[in-house]
1. Being open to solvent by 10 Å² or more (accessible area, probe 1.4 Å) and either over 13 Å from the mean Cα position of the chain (by Cα) or β-branched (Val, Ile, Thr) (or both) is the filter here, so list the residues in segment B:128-139 that pass it.
2. Among residues belonging to segment A:1-20 that are more than 9 Å from every other protein chain (Cβ to nearest Cβ) and crowded, with 17+ Cβ neighbours inside 10 Å, point out the one that is modelled with the highest pLDDT.
3. What's the number of the only condition in (1) modelled with pLDDT of 90 or more; (2) more than 23 Å from B:Arg195 (Cβ to Cβ); (3) more than 12 Å from chain A (Cβ to nearest Cβ) that B:Val116 fails to meet?
4. Facing chain A (nearest Cβ under 9 Å), at pLDDT 90 or above, in a helix (DSSP H, G or I) and over 16 Å from the mean Cα position of the chain (by Cα), is that true of B:Ile263?
5. Filter segment A:234-252 down to the residues that are surrounded by 16 or more Cβ atoms within 10 Å (Cβ to Cβ) and touching a residue at least 60 places away in the same chain (Cβ under 8 Å) and list them by number.
6. Which members of segment A:563-596 meet the condition of being without any contact (Cβ under 8 Å) to a residue 40 or more places away in the chain and among the polar types (S, T, N, Q)?
7. Name the residue, out of B:Val253, B:Val262, that is in contact with an Asp or Glu (Cβ under 7 Å, 6 or more places away or on another chain) and surrounded by 18 or more Cβ atoms within 10 Å (Cβ to Cβ).
8. Restricting to segment A:266-292, count the residues that are charged (D, E, K, R) and open to solvent by 90 Å² or more (accessible area, probe 1.4 Å).
Amino acid sequence: MIPTDFDNVFADLVDGVEDLRGLLQTLRRRLPHAWLELHGDDGVVVTEPAGGSPLAAEAATIAGLLEQALAGNELVAAQGRGGEWFYAVPLAKAEAVLVAALPGRQGNLLVEPHGRDLLLSAVDYALLDQEQQLLVIENQQVYRQINVHKQQYSALIEDNFRQYRLIQEKEKEYARKLESEIARQTAELRSTNARLEKASRLQNEFLANMSHELRTPMNAIIGFSELLSETDLDPDQSEYAKTIKEAAGNLLVLINDILDLAKIEAGKVELDSEPFALRELVEGVASLFRLPAAAKKVAFMVEIEEGLPALLVGDGNRLRQILINLVGNAMKFTDRGRVAIIVQAGRCCGEQVEVIFSVRDTGIGIAADRQQAIFDKFTQADGSTTRKYGGTGLGLAICSQLVKLMGGDIRVESVEGEGSSFIFSIPMASRRPLPLAPAAEAASVEADAPVGGVGALRILLVEDNPVNQRLASIIVSKQGCELAVASDGLEALAQLRAHPFDLVLMDVQMPNMDGLEATRKIREIEASPAGRAEYAGLRDRQRPLVIVGLTAHARKEDEQACYGVGMNGFLSKPIVKDRLVAFLREEAERLASSSS
Amino acid sequence: MPSAKELVTKFSDLKTLPHVALRLTRLVNDERSTMQDFEEIIKLDPVLVTRLLRLVNSPYFGLINKVESIPKAVVYVGMKNLRNLVAVEALRNLFRGGEAENGFSRKNLWVHSATVAIVAEMIAKRIFGQEGEDVFLAGIIHDVGLIIEDQLAGEALRRACGVYDPSKNTLVGCEQEIIGCDHSEVGTLLAKDWRLPPEVIKAIRHHHDREKKYPLTSITSILQLAEYIAGKLNYSPIVGRFDPLPPHLVRHVRSMMANYKVIMRDLPGEMAKAKDLYDPNA
């Protein structure tokens with residue numbers, strides 16, 4: 001580092017005289033009546049008071065004193081020519097020597113007992129004064145610095161507060177933006193949600209309508225082709241009618257499949273959770289295929305593991321649908337060997353049991369690279385399958401979706417040319433079987449009893465579609481029943497006002513007054529004695545009029561709606577002759593037994 | 001011969017000053033700026049963050065608590081002080097290297113600048129009772145023009161230094177003659193570019209002006225006093241040579257001699273406290 005001299009920075013600015021003069025004035029304040037001279041080491045001399053000092057005349061004496069003082073003596077005295085005494089004190093710090101005379105005073109002060117002390121004290125005091133001045137200045141500087149710091153700190157605090165306010169403002173602004181952004185997104189979501197809800201409702205309605213629109217003409221085709229084949233036909237015509245009936249049957253299966261899949265995919269399928277008997281269900285499915293299997297000379301086997309609970313809780317109907325589908329496939333693709341339904345218990349956890357169903361065949365099998373795709377919609381093992389074996393390609397997609405819906409999974413194991421196994425497992429709750437009720441036994445006895453004829457039931461058919469009117473009326477009259485026709489709910493009420501009936505076949509969807517509304521009205525009238533009196537058809541009845549709903553809406557909610565308004569039964573269109581006849585027969589029996 | 005403007009433009013093109021430092025010095029003048037803005041900018045230069053925190057925690061500020069984050073530093077020492085530290089860090093690198101010749105060396109100039117900054121701050125606070133932050137900044141930056149000249153017209157500057165003789169001419173006069181502009185002009189343009197406070201810019205512009213009497217309490221006058229003291233302490237840009245004090249300032253010093261003597265007595269201690277700031281090897 002460069003050498004520096006902090007002491008002599010201002011040497012150029014200040015001549016030594018000024019320094020000495022300052023010191024001399026300080027000394028003078030302590031010794032106000034003395035004559036004083038300061039002799040700087042550099043030869044400068046300052047005098048106080050200026051002019052006329054007796055010191056000036058005593059140069060030789062003073063020179064002697066200075067010599068002694070510089071030689072290191074603390075305080076020296078000498079008598080001048082005029083008899084006065086002169087004193088000299090070296091001031092090392094100021095680099096000067098003080099020479100003093102005390103006018104009016106006789107004799108050497110230093111020989112008096114306290115003279116020396118008094119003089120030295122006076123000089124010391126003066127030097128202390130000088131130092132004190134410096135201390136005062138230091139103090140002032142410290143004070144100023146403290147003030148600056150105070151100002152700086154308050155400025156700092158103010159600036160920090162300013163920043164705090166700004167940051168707060170920014171945060172508020174941010175919060176506002178966030179809020180409005182959230183509000184905007186919420187509104188967007190709400191409108192999207194509304195749109196989706198509307199779309200879902202429209203899809204629902206569309207499904208319902210499609211179901212109706214598709215089944216209504218099917219109703220006519222199947223019904224009339226059945227009736228047609230019962231008329232006198234020559235062999236060709238009989239063959240044609242049979243073909244129409246078969247084709248219409250296939251078409252109905254396809255329509256049902258498509259609607260089913262659409263419903264599943266739209267999330268409109270609600271699963272039942274009812275107890276059902278596992279063995280009965282599986283055997284029921286098997287019984288559908290035993291004859292066809294025998295006809296194809298294919299062995300048909302059912303194996304149900306012993307340990308499985310007899311009663312399970314779940315959707316038996318949907319399970320049956322899956323099994324029928326899989327066994328149907330197995331039958332279709334198996335020409336020799338066997339088809340088997342195997343039911344096993346999987347993992348078990350308390351009431352919960354995993355039931356594993358396998359449908360195995362020794363059919364044509366599926367190529368390994370096609371095994372995944374077969375569960376997709378409209379996909380079959382290979383393109384030629386449709387031509388050779390028929391089918392829609394929807395069956396497995398529906399099965400897969402249903403299994404998933406039930407919380408299980410489905411897979412296939414297959415070797416081409418050797419056969420396939422479709423395995424699916426579904427977790428279900430087991431239910432302890434209830435003791436068999438005597439009523440149930442009676443019912444089964446009755447079911448076995450031979451059924452009698454329908455007899456002369458008086459039937460009111462309420463149906464707006466003329467084709468369906470004709471179809472239903474032909475079926476009904478063939479059973480020997482009397483039939484009146486009303487084309488909507490209002491007409492039905494008019495008929496009831498005039499004539500008694502044993503049973504009403506009530507279409508649900510009709511103009512003017514639909515079947516649900518009409519049923520509700522009828523039940524209202526039955527409930528009030530005054531109202532009943534006005535209706536010939538209701539007046540004398542012991543029990544409520546039997547009303548059977550007819551609807552092309554085969555959905556569960558449609559069925560529930562029918563029962564909800566007080567219908568006693570429900571037939572889905574297209575009208576299957578056998579089911580309608582069975583219904584009529586049942587009703588006739590009840591009528592006969594109640595009247596006997 | 002290049003004009004001051006040409007030099008500053010060329011210099012700025014060299015991007016020798018970190019961009020972050022420029023943005024920060026500008027930020028301090030903005031009344032809407034907060035510690036968050038400050039931190040956001042300074043975060044771009046992690047080295048600068050570390051160095052700044054080291055300086056904030058150095059004895060120069062004498063903080064009782066250790067400051068570990070930039071926002072906290074803003075709270076404790078304020079943005080103006082941080083701006084000064086950013087300037088110190090930016091300039092420290094600038095004053096590195098170069099050869100010593102004709103009494104000029106960058107290292108000398110750096111120690112000179114730091115001494116002037118510290119003395120000026122002491123004078124402002126102790127004699128005039130004023131805040132010392134802007135004064136410190138003016139001190140640290142007032143001779144930056146010399147660095148720019150050294151980088152872009154180094155040989156001419158050395159010649160000017162060689163001709164400079166305080167008894168016959170002035171340094172800025174020699175610069176004007178040989179380089180075509182002088183360091184107070186160049187420094188002023190750079191300071192304007194940095195958007196430094198107007199008082200600071202004025203002080204840089206006039207620190208060699210002996211003709212006009214500037215108010216005693218102005219940064220210009222304080223800078224001139226500090227320059228003279230630094231020169232006397234042998235910390236002048238051109239070793240052993242510096243301009244004499246303007247007469248009215250001589251009168252001022254003589255009238256306050258005891259005050260200045262106290263400052264001189266305390267200066268070594270203050271410089272030791274600020275060692276981290278000006279140590280060229282830090």
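The values are calculated or read from the model by the stated rules, or taken from the named source; none is laboratory data. If you're wondering where the values come from, they're calculated on a predicted model, not measured in any experiment. Neighbour counts run over all protein chains shown; Cβ positions are idealised from the backbone, glycine included. Just the protein is used for accessible areas: all its heavy atoms, side chains included, with ligands, DNA and RNA removed. Shrake-Rupley method; radii C 1.70, N 1.55, O 1.52, S 1.80 Å.
1. If the condition is that a residue be open to solvent by 10 Å² or more (accessible area, probe 1.4 Å) and either over 13 Å from the mean Cα position of the chain (by Cα) or β-branched (Val, Ile, Thr) (or both), then B:Phe128, B:Gly129, B:Gln130, B:Glu131 are the ones that fit.
2. Here the answer is A:Leu20.
3. Going through the list (1) modelled with pLDDT of 90 or more; (2) more than 23 Å from B:Arg195 (Cβ to Cβ); (3) more than 12 Å from chain A (Cβ to nearest Cβ), B:Val116 breaks only (2).
4. Values: facing chain A (nearest Cβ under 9 Å): yes; at pLDDT 90 or above: yes; in a helix (DSSP H, G or I): yes; over 16 Å from the mean Cα position of the chain (by Cα): yes.
Yes: the conditions hold for B:Ile263.
5. Taking segment A:234-252 and keeping what is surrounded by 16 or more Cβ atoms within 10 Å (Cβ to Cβ), we get A:241, A:244-245, A:248, A:252.
Passing the criteria: only A:Leu252.
6. Scanning segment A:563-596 gives A:Asn568, A:Ser593, A:Ser595, A:Ser596.
7. Values: B:Val253 fails: in contact with an Asp or Glu (Cβ under 7 Å, 6 or more places away or on another chain).
Only one candidate qualifies: B:Val262.
8. Within segment A:266-292, the first condition is being charged (D, E, K, R), and the residues that meet it are A:268, A:270, A:272, A:274, A:279-280, A:283, A:290.
Subsequent filtering for residues that are open to solvent by 90 Å² or more (accessible area, probe 1.4 Å) retains A:270, A:274, A:279-280, A:290.
So the count comes out to 5.
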